[in-house]
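Undergrad: Have a look at this one before I ask anything.
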Amino acid sequence: MASATDNDLDPGGPAVRILTGGRPLDVIARDGTAEAIAWPGTGSRHRAMHRIRLGSGGATITLRHESEAVYFVAEGAGSVGDLTLKTHGMVYVPRRTPYSFTAAEPITIYGGPCPPDLSLYGNGEPLQADGEGDGPVRIFDADTEGVPLPTIGKGARLVVWPGVGAEIATMNLAVLEPGEENRPHTHEASDDTIAILAGEGSIDDLDSGRTYLFSAGDVVFVRTGTQHKVKADRGVGIVSAGGPCPPDFGMLRALGLV
């Protein structure tokens with residue numbers, strides 16, 4: 001894999017971006033593909049949003065990072081270590097804890113280290129895969145666990161956050177019905193990175209006055225401090241996973257969660 005240059009890791013560009021392609025990642029052991037969609041090369045400093053697709057029986061190599069990591073199973077079934085994965089499972093990996101994914105059937109997974117692990121893009125050496133971690137991998141059912149996020153929508157739940165022991169890593173599952181939209185909001189110290197799993201809609205950059213369209217398979221990136229609003233305004237609902245990272249403690253305080 002070619003190393004990322006300093007320019008790759010600081011691309012500048014608009015405060016709101018719709019990311020449609022990915023940088024290949026060398027993390028597949030067998031029968032699969034992996035790509036970085038949001039990473040430092042697209043301006044994402046706090047969260048990596050990768051897409052891993054494994055065929056039945058496919059697997060990643062063992063991964064281990066200095067940072068935490070969080071993932072969401074968009075579809076399919078498999079395992080992470082000895083733990084069973086199913087659709088809408090959310091995976092939290094503590095710092096330095098080794099992990100790998102295996103597919104029992106074709107599976108698509110979104111997520112990555114928080115903040116990004118630069119060694120995955122050819123910068124620096126990765127941690128040895130067999131070291132000790134800060135705790136066990138945990139799996140949450142994103143359909144039933146977590147706390148409501150009314151700022152985002154009636155069907156939004158924050159699942160991985162400081163309330164479950166995470167420090168930097170966060171992830172929510174958001175379901176917007178047709179015609180529903182976020183309240184206008186800003187994350188003062190967090191980038192907002194949103195993987196669109198189903199549907200299509202738009203996002204308003206309320207600072208610039210521009211509107212961007214997105215659809216399933218895209219990743220929406222919003223730079224820290226940008227006022228924005230996501231809208232299910234194209235005749236269908238939206239299912240997404242991601243959210244502000246690191247945790248938006250101002251939002252959490254406003255919701256009475258910290």
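Undergrad: Between a residue in the stretch 115-133 that is more than 12 Å from Pro98 (Cα to Cα) and any residue that is of a type in the set (Phe, Trp, Tyr) and surrounded by 19 or more Cβ atoms within 10 Å (Cβ to Cβ), which pairs come within a Cβ distance under 7 Å, given they are 6 or more apart or on different chains?
TA: Note: pairs meeting the criteria are Pro116/Trp39; Tyr121/Trp39.
Undergrad: Can you go through Tyr99, Tyr92, Tyr110, Tyr121 and tell me which one is over 22 Å from Glu145 (Cβ atoms), open to solvent by less than 20 Å² (accessible area, probe 1.4 Å) and in contact with a strand residue (DSSP E or B) (Cβ under 8 Å, 6 or more places away or on another chain)? Spell out how you get there, then give the answer.
TA: Working: Tyr99 fails: over 22 Å from Glu145 (Cβ atoms); Tyr92 fails: over 22 Å from Glu145 (Cβ atoms); Tyr110 fails: over 22 Å from Glu145 (Cβ atoms).
Selected residue: Tyr121, the only one of Tyr99, Tyr92, Tyr110, Tyr121 that is over 22 Å from Glu145 (Cβ atoms), open to solvent by less than 20 Å² (accessible area, probe 1.4 Å) and in contact with a strand residue (DSSP E or B) (Cβ under 8 Å, 6 or more places away or on another chain).
Undergrad: For Ala129, only one of the following conditions fails: (1) at pLDDT below 95; (2) crowded, with 23+ Cβ neighbours inside 10 Å; (3) among the small types (Gly, Ala, Ser). What is its number?
TA: (2) is the only condition that Ala129 fails.
Undergrad: While we're here: Restricting to the stretch 22-61, give me the number of residues that are within 23 Å of Asp204 (Cα to Cα) and open to solvent by 40 Å² or more (accessible area, probe 1.4 Å).
TA: Here the count works out to 2.
Undergrad: Give the residues of the stretch 142-156 that are surrounded by fewer than 14 Cβ atoms within 10 Å (Cβ to Cβ) and in contact (Cβ under 8 Å) with a residue 12 or more places away in the chain, sorted by residue number.
TA: From the stretch 142-156, those surrounded by fewer than 14 Cβ atoms within 10 Å (Cβ to Cβ) are 144, 150, 154; that's our starting set.
Correct list: Pro150, Lys154.
The values are calculated or read from the model by the stated rules, or taken from the named source; none is laboratory data. Note that this is a predicted model, so its numbers are computed, not measured. Please note: Cβ atoms are built from the backbone with ideal geometry, for glycine as well, and neighbour counts cover all protein chains shown. For the accessible areas, the whole protein counts, side chains as well, though only heavy atoms, and no ligand, DNA or RNA atoms are used. Shrake-Rupley method; radii C 1.70, N 1.55, O 1.52, S 1.80 Å.
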